[in-house]
Amino acid sequence: MLKINKDNDNYAKTITTATSTTVLSFSSPLDQKIIAATEGFIDHYVNLLRRQSEPNIGIIYDYILAMNAEVNPVLAYKRSQMQILRYLSEHCNKIPFIKMTRADVLGYLDTLRRAEESDPWHKWIGTYNLRRMNLMRFFKWLYPVYCYHLLFDYFV
């Protein structure tokens, strides 16, 4: 069982098993973002997000919060979205999402293609299309939000 408690700007994660109870405290802002973004996930996904670069963790956190506010997605969808963004980030050597080019994203999607001999039923196309749609939705959210802030900060 997993509980997240917030007390005085510190997050504490309580892990209860059949034999013991462990309390982990996360006080840095980055750790708090990771815990808030992965609320309800198993520890494996927390560790996967922790391996990303700081700018990408912040963007993934903001995206998951925006999804929660707009559509209230189920946990499996948020986990799937986070995994796809993690795969893209790792393929592009963890460069920030805002600096990724169209060629970077297409290069990642091209890694999903399979040859006719290895996949005669073309099952890779479903994975390709699902990830392409999720990435399109993410980048449509990312560019207006972050570009607006960059422009606003520049002109003020």
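Rule-based calculations on the coordinates, nothing more; no lab input. Everything numeric here is computed off the predicted structure, so don't read it as measured data. Reconstructed Cβ throughout: ideal geometry from the backbone, glycine too, with neighbour counts over all protein chains shown.
Structure data summary
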| quantity | calculated |
| --- | --- |
| Residues of the stretch 86-115 with amide N under 15 Å of the 7 Å Cα→Cβ point at His122 | 113-115 |
| In the stretch 29-155, lysine pairs closer than 24 Å at Cα, eight or more apart or cross-chain | 10 |
| Ranked packing of 110-121, 92-103, most packed first, by mean Cβ within 10 Å | 92-103, 110-121 |
